[in-house]
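Have a look at the structure below before the remarks.
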Amino acid sequence: MKIFYFKGLKIEHTAPPSNSDRAIILCPGLPASYVNEKQIDMLIQKNFHVFLVLYPGYPNSSKTLFLSQNPADLISELIVSLRIKGMQGVYLNTFFLIGSSFGGSVVLNVKNADKIVALSPVIDYKNLYKGSLDHNYETFKNYLLKNGYKISRNGWSQLKKGEIFTFSDKSLREKALIIYNENDPEINPSFLKKFLCLKKIRSISIHSDKHLSFKNIPADILMVILEWLGESNIIYQYNNYITGDFNKTISKIVDNQSAIILTGSLASGNLVPESDIDFYIISERTNPKMIRKIRNHVVEGRAMTFRNFSHYARSNMRDMSKLFSSKIITDNQSLRKKVEKLRKHLMDKYMEIFLIFQILEKKRMEATHYAGINSSLAIKKGLGGRRSLGFMTVTYNALNDINNPSFWNSLGIMTCNEVISETDRKHIERFFNKLTQQNFSHQKAHELLKINKRVVDKYTNEYLFNKINGKYGFKFSKNMKNANINGYVKNMIDALYSSDPIKLVKIAHSYVKCKDAIEKYVIFYYLALNNNLPLDIGKFIALKFANQHSMNNVRRNLVESAATTVHIELLNLLARDRDPKTIYYAKIKLAKKDILSTKIIRYSH
């Protein structure tokens with residue numbers, strides 16, 4: 001167990017025996033009731049990080065007074081901090097709250113928790129002691145003072161008036177469970193019942209002569225709580241075949257000296273049936289032949305030493321971008337630090353290019369016409385698709401220096417900071433929930449995608465452009481083609497959008513000998529996508545970079561470009577490329593089939 005402090009809170013943290021991204025925060029009643037150690041051990045063995053909090057003003061605490069701040073706001077800020085920084089090298093994705101009595105009031109007012117359990121919470125502080133002969137606020141206050149609490153006079157007055165806790169979170173109906181004692185002597189169960197009826201929150205009632213707390217909760221009720229917390233959340237309903245295949249693969253290959261770097265859908269927690277799994281295994285001993293054996297449509301792994309991985313990320317913007325939005329799983333703390341150091345170095349050096357690259361990727365994917373507006377490919381890459389939503393969270397993390405790869409954690413932070421609304425976040429949850437349903441028809445996705453697009457466009461135009469313009473002195477408008485800027489970023493935009501062949505040739509010649517691998521990669525990446533690309537530049541890309549693995553995506557882009565439709569000899573050249581995917585796509589296009597088909601494009605041996 002480790003103790004740390006956060007804005008007046010004293011927090012006892014106990015980590016589970018193996019890596020876990022789930023946490024339970026215990027919020028006790030007053031005075032701080034000790035919890036049953038066996039129950040704590042049970043939570044830990046269930047692979048939860050457990051945090052027990054003591055509110056400001058607790059006995060022998062600092063000068064911060066109890067109720068000088070709303071405890072629910074402090075817990076909310078604690079969750080944001082833990083989501084950003086993680087704990088003991090683990091990024092925490094899911095936060096469950098359990099609070100009893102006063103702590104039940106606290107947890108029901110924390111808006112960024114995933115699930116909430118309140119044990120006999122106090123709901124109506126105005127009428128808490130109504131009709132009680134033996135107890136009132138003065139006797140309760142004296143009791144707390146006797147136990148060593150330091151109380152804010154103003155905060156105590158607000159508590160009595162019912163002004164601290166509002167219970168206004170509309171999502172309580174979906175994510176809260178209240179357990180109460182029908183005969184609880186410390187609270188007024190009749191007010192609680194009215195609250196449950198009004199809010200339509202699920203509840204369990206028990207009969208006991210004791211005030212209910214986490215310490216004395218019956219064992220069978222505790223098991224019900226754990227079962228409820230363990231139910232599949234709507235945002236974590238993975239495809240069983242995919243995760244089973246992945247776990248089987250990892251267990252055969254990885255040891256405690258290796259690191260797995262998860263990217264894309266798996267890292268974000270958005271693995272839906274049409275998703276794929278991409279990951280890197282960083283190891284000094286792993287045999288690459290083992291990786292080749294398990295490649296298929298679903299799982300694509302790449303094994304390499306850290307040195308090779310570092311070189312790869314430094315020479316390819318696509319993979320550098322994946323590194324920034326990846327999730328690291330390893331017990332090797334030395335290797336973890338190396339990967340984190342590499343990520344920080346690259347983002348410090350290439351932040352400006354990275355952000356513009358993300359914007360251009362979003363713009364060009366949304367401008368592409370997919371075969372079927374609600375096809376799997378359109379839902380992944382098109383207007384309001386999964387990559388659009390990922391673009392939003394990844395750029396937000398980059399701009400705010402948040403080393404937090406989880407998509408859902410990022411949305412939670414963005415909601416707390418009012419960059420997006422709670423309604424927007426709930427809509428995105430519904431969108432992914434629909435995608436995980438096996439019987440879901442993509443034809444029903446149209447309205448969901450339209451709302452997604454509005455959310456992402458609002459974020460881009462009202463937040464992202466303002467931040468980038470202010471930070472780098474650009475003058476971005478909604479139409480990137482008319483951006484009023486100069487220098488390298490202007491060359492990036494021209495490489496993708498310019499229809500002037502002389503300008504395109506000039507840009508290509510300017511960067512062909514560029515010593516910075518990332519800058520060179522990005523320019524040719526977008527030149528390859530330019531529909532007006534001159535034939536000689538297309539041939540140059542196809543031949544000059546034919547043996548460069550880091551340029552595989554650049555040559556694949558040539559296939560997608562309309563230039564290869566005009567210049568059939570360029571397609572024939574790409575059909576003899578050394579990269580299997582480039583050959584695969586080129587042959588499809590030579591057969592006059594639409595490579596932007598209704599299925600996710602995955603190459604298979």
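The values are calculated or read from the model by the stated rules, or taken from the named source; none is laboratory data. None of the values given here were measured: they were computed from a predicted structure. Positions of Cβ are generated from backbone atoms using ideal geometry, with glycine treated the same way; all protein chains shown enter the neighbour counts.
Please state which one of 78, 97, 108 is within 23 Å of the chain's Cα centre (by Cα), modelled with pLDDT of 95 or more and under 22 Å from residue 165 (Cβ atoms). Give the derivation first.
On the way: 78 fails: modelled with pLDDT of 95 or more; 108 fails: within 23 Å of the chain's Cα centre (by Cα).
Unique residue meeting the criteria: 97.
Which residues, counting only those in the stretch 1-49, are among the β-branched types (Val, Ile, Thr) and either outside any loop (DSSP other than H, G, I, E, B) or in contact with a helix residue (DSSP H, G or I) (Cβ under 9 Å, 6 or more places away or on another chain) (or both)? Break it down stepwise before answering.
Of all residues in the stretch 1-49, those among the β-branched types (Val, Ile, Thr) come to 3, 11, 14, 24-25, 35, 40, 44.
Those that are among the β-branched types (Val, Ile, Thr) and either outside any loop (DSSP other than H, G, I, E, B) or in contact with a helix residue (DSSP H, G or I) (Cβ under 9 Å, 6 or more places away or on another chain) (or both): 3, 11, 14, 24, 25, 40, 44.
So that you can scan it fast, the table gives a plain yes or no per residue for (1) at pLDDT 90 or above; (2) not aliphatic (A, V, I, L, M):
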position	(1), (2)
315	yes, yes
327	no, yes
334	no, yes
341	yes, yes
347	yes, no
353	yes, no
361	yes, yes
367	no, no
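Residue-by-condition table, conditions (1) β-branched (Val, Ile, Thr); (2) in a helix (DSSP H, G or I); (3) touching a residue at least 12 places away in the same chain (Cβ under 8 Å):
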position: 134; (1), (2), (3): no, no, no
position: 141; (1), (2), (3): no, yes, yes
position: 145; (1), (2), (3): no, yes, no
position: 157; (1), (2), (3): no, yes, no
position: 164; (1), (2), (3): yes, no, yes
position: 211; (1), (2), (3): no, no, yes
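Which pairs have Cβ atoms under 9 Å, sit 6 or more apart or on different chains, and link a residue in the stretch 499-526 that is of a type in the set (S, T, N, Q) to one that is part of a helix (DSSP H, G or I)?
Note: pairs meeting the criteria are 510/491; 510/523.
Among the residues of the stretch 319-335, how many are part of a helix (DSSP H, G or I), surrounded by 17 or more Cβ atoms within 10 Å (Cβ to Cβ) and not hydroxyl-bearing (Ser, Thr, Tyr)?
If we filter the stretch 319-335 for residues that are part of a helix (DSSP H, G or I), which is where we start, we get 319-324, 333-335.
Remaining after also requiring surrounded by 17 or more Cβ atoms within 10 Å (Cβ to Cβ): 319-324, 335.
Add one more test, that the residue is not hydroxyl-bearing (Ser, Thr, Tyr), and what stays is 319-320, 322-324, 335.
Selection size over the stretch 319-335: 6.
I'd like the full set of residues that are within 19 Å of residue 30 (Cα to Cα) and either in contact with a Gly (Cβ under 8 Å, 6 or more places away or on another chain) or in a loop (DSSP other than H, G, I, E, B) (or both), limited to the stretch 77-98. So that I can check it myself, show each step before the final result.
Taking the stretch 77-98 as the starting set, the residues that turn out to be within 19 Å of residue 30 (Cα to Cα) are 97-98.
Result: no residue meets the conditions.
Within the stretch 517-527, does at least one residue satisfy the condition of being within 20 Å of residue 399 (Cα to Cα), among the β-branched types (Val, Ile, Thr) and either in the same structural domain as residue 433 (by TED's automatic domain parsing) or in a loop (DSSP other than H, G, I, E, B) (or both)?
no
Report, by residue number, each residue of the stretch 331-381 that is among the hydroxyl-bearing types (Ser, Thr, Tyr) and over 14 Å from residue 317 (Cβ atoms).
To start, the set of residues in the stretch 331-381 that are among the hydroxyl-bearing types (Ser, Thr, Tyr) comprises 334, 350, 368, 370, 375-376.
Scanning the stretch 331-381 gives 334, 368, 370, 375, 376.
Among residues belonging to the stretch 137-159 that are more than 39 Å from the chain's Cα centre (by Cα) and surrounded by 14 or more Cβ atoms within 10 Å (Cβ to Cβ), point out the one that is nearest to residue 210 (Cα to Cα). Give the steps one after another, and end with the answer.
Residues of the stretch 137-159 more than 39 Å from the chain's Cα centre (by Cα): 137-148, 153, 157.
Subsequent filtering for residues that are surrounded by 14 or more Cβ atoms within 10 Å (Cβ to Cβ) retains 137, 140-141, 144.
Values: 137: 20, 140: 18, 141: 21, 144: 20 Å.
So, considering only residues that are more than 39 Å from the chain's Cα centre (by Cα) and surrounded by 14 or more Cβ atoms within 10 Å (Cβ to Cβ), the one nearest to residue 210 (Cα to Cα) is 140.
Given the conditions (1) outside any loop (DSSP other than H, G, I, E, B); (2) within 34 Å of the chain's Cα centre (by Cα); (3) modelled with pLDDT of 90 or more, which single one is not true for residue 174?
(3)
Scan the stretch 248-258 and give yes if some residue there is touching a strand residue (DSSP E or B) at 6+ places or on another chain (Cβ under 8 Å), at pLDDT 70 or above and farther than 28 Å from residue 492 by Cβ, otherwise no.
yes
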